[in-house]
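Following: one structure in structure tokens, then a few remarks.
Read-outs: derived from the displayed coordinates by stated rules, not from any lab. Since this is a predicted model, take the numbers as computed values, not measurements. Glycine also receives a Cβ, built like all others from the backbone with ideal geometry; neighbour counts cover every protein chain displayed.
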């Protein structure tokens, strides 16, 4: 019987203290989308808004829109620099009646309505990676540091009109840009209110919790039972070991969802098949086993919407 994850966790409330609930997610068969525009070339981000799922496709320079059952609805955007045109869209977020897009190589955040009509834009002084909408109307944008200097901020908050509000989370700097690129990879996840979480993909087991003003609300040390995967990688100054901590992350109904990376051929790390469910204290409450790995995902109740290794949209539901 299909059950919401929150209900499944609730059912475990009386279990032995410290026990981790083991859950499975079953894939929901979606409709066959015959339209060429429905094919995802390089999907880099997903966002839920209303009854729709928005996917940023960097290869097609477009936002693909699907129903929550996986039916293709429409696409908007095309390659270019003008209003409504995109160059490597790497992030997407839904904010009420607006859709925000991280238009990476145009160094801006574009705004659309849900039908894809351009509704404005604002420039940013860096290459935006991901964009998120916060509950107070603020816009959270992450960026990849250049690695050329110390002190680069990788998290930025703007007001609704694009005015700068705050920037922070300083990128690490060692002088080896390749190594720094790996250890400065982060995931930003909006919370329930005007707050957000910053998760380091490697090295750190802590999650930073911020208000939209940039004030640090707290630091969450994640349960050791959420698996880290060490890997030795060759860099300019010799091999260095990185502890892969989180491949992708999401937040829903007071819980953080962190997918642990998995080894690939013993030489690299890739997306895993398990998602750790972490509470506000950092305690591992449950592990959800997926039938296939996903590169990125969002969660809504009992459903997990993700993109797999082949760039295919997948929908899963937690089963009791």
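The calculated 222 nm mean residue ellipticity attributable to helices in the chain amounts to -1000 deg cm²/dmol, summing -39500 (n - 2.57) over DSSP H runs of n ≥ 4 and dividing by all residues.
Treating r as the C-beta distance of residue 159 and residue 67 and R0 as 41 Å, the FRET efficiency rounds to 0.80. I'm spelling it out carefully: the read-out is Cα extents along the principal axes in Å, the candidates are [x] 118, 46, 45; [y] 57, 50, 40; [z] 61, 40, 36, and one was derived from this structure. Which label? Comparing each candidate, only [y] matches the computed number. Full extension of the chain between residue 148 and residue 29 gives 38.2 nm of extra length, using 0.36 nm per residue less the Cα-Cα distance. Using alpha carbons only, how many angstrom separate the centre of the range 28-45 from the centre of the range 90-163? Centre-to-centre (Cα) distance: 24 Å. Label positions at residue 117 and residue 173, each projected 7 Å from the Cα along the C-beta direction, are separated by 4.6 nm. Can you bin the range 168-265 into rounded, prolate or oblate? Criterion: square roots of the alpha carbon gyration tensor eigenvalues sorted a ≥ b ≥ c, rounded for a/c under 1.5, prolate for a/b above b/c, oblate for the rest. The shape class here is oblate. Potential lengthening of the chain between residue 135 and residue 59 amounts to 24.4 nm, from the contour at 0.36 nm per residue minus the alpha-carbon distance. Put a dot 7 Å past the Cα of residue 289, heading toward its Cβ, do the same for residue 52, and the two dots end up 3.7 nm apart. Packing order of peptides 124-136, 21-33, highest average first: 124-136, 21-33 (average count of other Cβ atoms within 10 Å over each peptide's residues).
Separation of the range 201-239 and the range 297-312 by C-alpha centroid, Å? Using only Cα atoms to place each centre, the spacing works out to 22 Å.
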